[in-house]
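Colleague: One structure coming up, written as structure tokens, with questions to follow.
No lab work stands behind these numbers, since they all come straight from the coordinates. Since we're looking at a predicted model, the values are computed, not measured. Cβ placement follows ideal geometry from the backbone for every residue including glycine, while neighbour counts extend to all protein chains displayed.
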Amino acid sequence: MNEKNRNLNGVITPQNKINIFNSVISFVRKNWIGFALIAALFAIIFILEQILPASSMLFVVLKKGAIYALVAVSMNLLNGFTGLFSLGQAGFMLIGSYTYAIFTIPLEARDAVYQYFDGGIINFTVPVPVALIMAGLAAAIFAYLIGLPVLRLKSDYLAIATLGFAEIIRAVFQWDKLGPVTNGSNLLKRFPSFTSTLYPFFVSGICITIIVLLINSSYGRAFKAIRDDEIAAEAMGINLAKHKQLSFTISSFFAGVGGALLAMYQTTVQAAAFKSAMTYEILLIVVIGGIGSVTGSILSSFLFIASSEWWLRFLDDETYIGSFKVPLLASGFRKVVFSIIIMIVVLFYRQGIMGAREISIDAILRFFRKLFAKDNREEAA
Amino acid sequence: MEFLNTNLPYILAGISVGGQYALISIGYTMVYGILRLINFAHGDIFMVAGFAMVYLSATMPLFISVPFTIIITVLLGFVVERVAYKPLRSAPRMSIMISAIGVSYFLQNCAWYITSGLAKQYPKIPWISDSVSIGTATTKIVTVITPILTFVLVIALVLLIKYTKIGMAMRAMAKDFETSQLMGVKINSVISFTFIIGSFLAAIGSLLYFTNYTTVTPVAGAMPGLKAFVAAVFGGIGSIPGAVIGAFIIGICENIIKGLGWTTFSDAFTFALLIIILVAKPTGLFGEKSTDKV
């Protein structure tokens, strides 16, 4: 379509502008079901928020799930689509959440937050959307610098080196000499956060859409070629170093935004929380959803958060049926059951929920059509 | 000399903790040499050994609980390999590593469940918990015992690998997995044996380490595990003397950094060292030339 709309010099003429406008219209018309579903989703959440009490577990799951979905998709871009096995996600989330917090704590709250560091040295704030983008950019800049030496490494060596960098970042942010900026190992708090569930959905939705567009672009195809066979990809003229660096930086950008959202959700930030265990959790989400499937990652992050925060909660409570005490149920049992489920997925369903497939509206429609066609045939017979 | 006098306690602590890291890192380096797998669960096996000792010594006398701890740890290492790694032998390397991370997550959660997340006091082992003074520093006897015990065990292990049939099989598998299989090496039993040795040394390491640090928590294995892995990479992965020397260097440097008042960075230093060595000399100090690392 693009080729047709450009004249010989590749300049978009007014005539072509109308064509582009038309093609946007036709894109919307073709995908109206998708847009309608997204609108319906937002409407349902909005209505639920009016009906249910704000403390309902559903909103906890939806908020945290949306944030984890963004981080999981960003990790999937790296691990699933580019084949770079990186374990630095928690470090980049940390950078994102700190950048967000540092630049948005209101001036009047700074003296209280930075009580040991004379109110800190940063004496201005930026609006929340700008801070979100800055969070992403800060993570991306760090990722670029880290990527220069580290991306030369392969598979497990890359994993352990990125894990190491995440640990270094965590130590640096807790350093008391940097206290005037990072508040040392103390909490950062009182920065603006969100109350509506729509907010993380909206931000994560935009970010995931951008990642999906990237994956479907020629860059995305280059990433997949690198994942499948580096040597063949290089032979086809793909600049390995450049594309790996690009994927690493972009993935970290969105991890940074995810970190900022997580900070908003938690309303406090502390570097000590961003342990490698957090990266492992995100990695397990990606694996459960299927390495190389965006919709799989989204689905599994909601499932993961829902089962760990909500559905499996009953396993943590001591329960009595009559006078009979149900054995094993005690604090922490939920996590044991949960990790057994994860091990089963890892060992026996290596593809995860979705494998490398995607849920698409077309596929769902096709499935239903087939189902109905079958029914009709059976009726005819 | 002045430096030595003021830093003697830290250097002693470093040698001691270096020996403990060395015992753990052998498990990493042997498994990596044969399976090309970073066994992320190894640090947690080390942690389980600590808890096993805590619970066993509460009910049994020491001369029974110590051997039992070692037996439980060895069994755990064996079972983990059979359940979580063996089914994935032909799978891509990434799947096995994810499985290792899964096992690590599982063991930590189990430990959390059993202990309700509370730190447990490690039992005092008589004699090695006693104090002793060396020069200007006072320390526990375990500090002196650790390097000696480490060297004895490492020499025994090197002899085992050099002069026994199973040691020869291990070397053959590290060189070429498939060919040695064709030559009639029973790979499954050799791999199990490797995990048994690794877990055995981790159990000894945990006895020494927790005597020094006295509390066990469900995440107590994560950091020593990662550091021991760094030591293995630093010394050249697959090389046992390399892992031991790397572990001592890391243990000593880490404690000197603590002595200089930079405690925040003692963990970060280890990883900085890892990244420098990976970028500058990926085969490590004593590693053999290999093409598939970078």
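Colleague: Report the one residue of B:Ala49, A:Thr162, B:Gly259 whose Cα lies farthest in the direction of the positive end of the charge dipole of the protein assembly as shown (charges on C-beta: Lys and Arg +1, Asp and Glu -1; origin at the Cα centre).
Modeller: Positive-end residue among those listed: A:Thr162.
Colleague: Pick out, in residue order, every one of the chymotrypsin sites (Phe, Trp or Tyr not before Pro) in the stretch A:221-267 that is DSSP loop and has at most 12 other C-beta atoms within 10 Å; say none if there are none. Working shown, then result.
Modeller: Numbers: sites: A:Phe223, A:Phe248, A:Phe253, A:Phe254, A:Tyr265; in loops: none.
Qualifying residues, ordered by number: none.
Colleague: Compute a Gaussian network model of chain A, connecting alpha carbons closer than 10 Å, and tell me which residue from A:Ser307, A:Ser331, A:Ser193 fluctuates the most.
Modeller: A:Ser331
Colleague: Take the alpha-carbon centre of the stretch A:311-344, take the same for the stretch B:110-128, and report the distance between them in whole Å.
Modeller: 23
Colleague: If you don't mind, another one. Scaled to the compact-protein estimate 2.2 N^0.38 Å, what is the alpha-carbon radius of gyration of the stretch A:207-255, rounded to two decimal places?
Modeller: Numbers: Rg = 10.9 Å, N = 49, 2.2 N^0.38 = 9.7 Å.
The stretch A:207-255 yields a ratio of 1.13.
Colleague: Follow-up question, since we're still on this one. For the stretch A:64-204, what does the alpha-carbon gyration tensor say about shape, rounded, prolate or oblate, given a ≥ b ≥ c as the root eigenvalues, a/c under 1.5 as rounded, and a/b over b/c as prolate? The partial results should precede the final answer.
Modeller: On the way: a/c = 2.57, a/b = 1.43, b/c = 1.79.
Oblate, because a/c is 1.5 or more while a/b does not exceed b/c.
Colleague: What are the ³J(HN,Hα) couplings of the stretch B:140-152, residue after residue, when phi is run through the Karplus curve with 6.51, -1.76, 1.60 and θ = phi - 60°? Round to Hz, x for glycine and proline.
Modeller: 8, 4, 4, 4, 7, 5, 3, x, 5, 4, 4, 5, 4
Colleague: Find the Rg to Rh ratio for chain A, where Rh is the Kirkwood radius over alpha-carbon pairs and Rg uses the same atoms. Write down the numbers at each step before the final one.
Modeller: Working: Rg = 23.4 Å, Rh = 23.1 Å.
The Rg/Rh ratio comes out at 1.01.
Colleague: Okay, next question. Nearest 20 debye, what's the magnitude of the dipole of the protein assembly as shown about its Cα centre given +1 on Lys and Arg Cβ and -1 on Asp and Glu Cβ? Walk me through the numbers on the way to the answer.
Modeller: Values: 49 positive and 32 negative charges, 252 e Å.
Charge dipole, the protein assembly as shown, about its Cα centre: 1200 debye, nearest 20.
Colleague: Under 13 Å from the Cα of A:Lys63, which aspartates and glutamates turn up, not counting those fewer than eight places away in the same chain?
Modeller: By straight Cα distance, A:Lys63 reaches A:Glu49, A:Glu309.
Colleague: Which of the three applies to the stretch B:105-238, rounded, prolate or oblate, going by the alpha-carbon gyration tensor with a ≥ b ≥ c and a/c under 1.5 meaning rounded? Please list the in-between numbers first.
Modeller: On the way: a/c = 2.63, a/b = 1.54, b/c = 1.71.
Here the stretch B:105-238 falls in the oblate category.
Colleague: Determine the shape class of the protein assembly as shown: with a ≥ b ≥ c the square roots of the Cα gyration tensor eigenvalues, call it rounded for a/c under 1.5, and otherwise prolate if a/b is greater than b/c, oblate otherwise.
Modeller: Verdict is prolate for the protein assembly as shown.
Colleague: Sticking with this structure for a sec: When the label point is put 7 Å from the Cα of A:Ser360 along its Cα-to-beta-carbon vector, which residues of the stretch A:60-75 have a backbone N closer than 13 Å?
Modeller: none
Colleague: Which loop trypsin sites (Lys or Arg not before Pro) in the stretch B:187-294, with loop taken from DSSP, have no more than 16 other Cβ atoms within 10 angstrom of their Cβ?
Modeller: Values: sites: B:Lys227, B:Lys258, B:Lys289, B:Lys293; in loops: B:Lys289, B:Lys293.
Taking the stretch B:187-294 and a limit of 16 other Cβ atoms within 10 Å, the loop trypsin sites (Lys or Arg not before Pro) found are B:Lys289.
Colleague: Pop out the ³J(HN,Hα) list for the stretch B:106-122 in order, Karplus 6.51 cos²θ - 1.76 cosθ + 1.60 with θ = phi - 60°, rounded to Hz; leave Gly and Pro as x.
Modeller: With the stated coefficients, the stretch B:106-122 comes to 4, 5, 5, 5, 4, 4, 5, 5, 5, 9, 6, x, 8, 6, 10, 6, 6 Hz.
Colleague: Exceeding 22 Å between C-alpha atoms, which entries from my cross-link table qualify? They are B:Lys140/B:Lys258; A:Lys64/B:Lys227; B:Lys120/B:Lys140; A:Lys154/B:Lys281. Let's see the in-between values first.
Modeller: Values: B:Lys140/B:Lys258 19 Å; A:Lys64/B:Lys227 32 Å; B:Lys120/B:Lys140 20 Å; A:Lys154/B:Lys281 14 Å.
Exceeds cut-off: A:Lys64/B:Lys227.
Colleague: Name the long-range amide H neighbours of B:Thr215: under 5 Å, sequence gap of 5 or more, or other chain; modelled H, no Pro or chain starts.
Modeller: B:Tyr122
Colleague: Straight-line reach from B:Lys186: which aspartates and glutamates fall under 16 Å, measuring Cα to Cα and dropping same-chain residues less than 8 apart?
Modeller: B:Glu81, B:Asp176, B:Glu178
Colleague: Find the centroid of the Cα atoms in the stretch A:121-138 and in the stretch B:223-294, then give the distance between the two in whole Å.
Modeller: 37
Colleague: Evaluate the charge dipole of the stretch B:2-280 about its Cα centre and quote only its size in Debye, nearest 20, assuming +1 on the Cβ of each Lys and Arg and -1 on the Cβ of each Asp and Glu.
Modeller: Working: 15 positive and 8 negative charges, 127 e Å.
Approximately 620 debye in magnitude.
Colleague: Taking N as the number of residues in the stretch B:2-280, what is its alpha-carbon radius of gyration divided by 2.2 N^0.38 Å?
Modeller: Values: Rg = 18.5 Å, N = 279, 2.2 N^0.38 = 18.7 Å.
It is 0.99.
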